[in-house]
Each structure stands twice: as C-alpha cells, then as structure tokens.
Amino acid sequence: MREPGLAFERDAGGGIGVIRSFAHLRLVVDIESAHRMFDIAAGTRDFRLLRLVPAALRCVERIEPGDPMPGFLLDDDPELPEEHHLYAATSALVERLAATAGEEGQALAEAMRRIPPGPTMFESAVAHCITQGGFAMGTMAPLARRLQKLANAHARVLAAAAGQPDYASMEKMLRRTRESLGADRRWAGDLLTRALDALVPQIARPRRTAETILAQGVAAMRRPLPLEAPTRLIREQERYRERLLDLSVFWRRLATAWLAVDPDTTDRREIEALARNALRRLALVPLYRIEEPEA
C-alpha cells in the first residue's frame, strides 16, 4: 500500500480509480475485490483501511498512502467553519429561538445577540444566563451544547455550498464552445456538435441541485419545530452537507477543466473528452435527486 506513485480517485462513473502515476496508468477497480490486486489478506489492518477508501473519497478528491484519515470518518467534530458562515448560522438560530423556544431558549437567544460569533459564543451566553438571568446550569449548559452542534452543522452546510465549483462559468464556456463550433460550417452537424446540443440543456443541473439543497438547509432552520431536542435537525443538516460535498467532489475538476477551454484553439479531442465526461456525470441520477424534507 506504500508503493510510490499509488493513489486513489473516483472516476466519472463513481468507481474507484487506482492511479499508478509512474506507469501513466489508471485502473478502475471494484473496491470489494481490490485487496487481491494488492495481495492484502482479508481481515488485516490494510484490508480495513482499503475498505474506507470509498467513504474517504467523499471528503477529499485524492488519497495517497500515508495520508491522514479524514476527521469525518473518525467521528471527530470537523474544524469550525469560517466566522462569516458561523455568524450566518447563529443568526438564523437566534431568530428561531426567539420565535419558537421556551423561556430558557429565549433567554439564551437574547444573550447570544450581545456576543460576537466564535468558539466561545455559546459558553459566554450560558454564563450570562446563569449569572444575570438566574437560570440553572444543569438546564442551560446541555441546551447550549445541543444548539451549538446545530449551529455548527448549519454553518458547515453554508461552507459546503460556498465551496461549490464555479458552475455558472462552466455553463457559460460550454455554451460559447457550442456556438463557436456551430458557427463553423465544417463542424456544424458533426457528432461533437450534436453532443454539445444534448449537453447544453442539462449542464445547469448540478448548480440547480446545489442551490436547492442549500435552500432546503436554510428552510430547515426556520421550520417551527422545538429546538430543545434538535438531534433530528442536526442529522438533517449533516445530510445536506454530505450531498453538497458529493456534488463538489464529482464536479470540481471537470468545471475547472472547462474554464481552461478556448473554443477557437482547444483541440477538438479535448473538448470531446470533456463533453463525454460531463454527460457521464450527469447520468449519475442519485447525485441530483432532491429529497423531500422530513415532516
């Protein structure tokens, strides 16, 4: 597993790509039987690590031997999102607390209004409620901890949405390429032009999916449900974040590649490969399925 040049990536169809850069080869393998290719005995530590590769590739784009395990798989709390995402998430939480929560929740919301967002925001709000409001620590501290997890989960949804590829620029370049090829009589009716004709109406799907998932995450924070037990809401936000991560992992490299296209000078074979790649990604129906929020 520590062979030089070895790495793992996902291919356009979702399979696990095993990269051997020293030989310029890319092998797509079934992860269930990949241990045989590496001569790894079933049940060993390397065998178990190999089975974690598909899950890890939902968090990162490329895995090489010796890379640390993503914290997401270790059940660690990921690093706190950037302050502006945390601010937006806590602002939404404060509005909801003030409108729907009980006495403790409203007191916590009022205290949070006076404290800048950050890692100590909830602790400071709890301290204010205990010292100034006379609330019991045994009531306020568990409530604040649960709400902090919810705010962090929503902030990570906002961060995942902000980290999406530049879909709009990819769509614009694809349309420009189609127009350029269509204006050239030599290529007006060839297979590549027809493929681009089929691709242009679909290419907005990942952007619209990301926008819809983000809208669902924001709407979930506004639904009138009791926040004293937000476990279901936290799980819901985590699912939205995972969906957004899946989208970005599958589209980031391809979107970047389309931005490097010049319709007048880029080799047609490269454009053909990018178009084929995009069509394969768009064929992954579950990636764009919009699930109805829980009642």
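Every number here is computed from the coordinates shown, using simple stated rules; none is lab data. Fair warning: this is a prediction, and the values are worked out from it, not measured in the lab. Virtual Cβ from ideal backbone geometry, glycine too; neighbours counted across all protein chains shown.
Protection proxy ranking, highest mean first, for peptides 163-171, 237-245: 237-245, 163-171, where packing is the per-residue count of other beta-carbon atoms within 10 Å, averaged. Out of every Cα pair in region 133-224, what percent are spaced more than 24 Å from each other? In whole percent, the long-distance tail amounts to 51.
In a DSSP loop and with at most 12 other Cβ atoms within 10 Å, the trypsin sites (Lys or Arg not before Pro) in region 82-173 are 114. Note on region 197-295: the alpha carbon radius of gyration divided by the globular reference 2.2 N^0.38 Å gives 1.39.
Using the Cβ-Cβ distance between residue 38 and residue 62 with R0 set to 25 Å, the FRET efficiency from 1/(1 + (r/R0)^6) comes to roughly 0.90.
Please report, to two decimal places, log10 I(q)/I(0) for region 83-161 at q = 0.16, 0.18, 0.23, 0.26 Å⁻¹ as given by the Debye formula with identical point scatterers on the Cα atoms and no solvent. Log-scaled intensity ratios, in q order: -0.51, -0.64, -1.03, -1.28. Spatial offset of region 190-221 relative to region 134-184 amounts to 16 Å, using the alpha carbon center of each.
Between residue 95 and residue 292, the simple label model (points 7 Å from Cα in the Cβ direction) yields a spacing of 2.6 nm. Among the trypsin sites (Lys or Arg not before Pro) in region 248-295, those placed in a DSSP loop whose Cβ has at most 16 other Cβ atoms within 10 Å are 289.
Relative to the current alpha-carbon distance between residue 123 and residue 265, full extension at 0.36 nm per residue lengthens the span by 45.3 nm.
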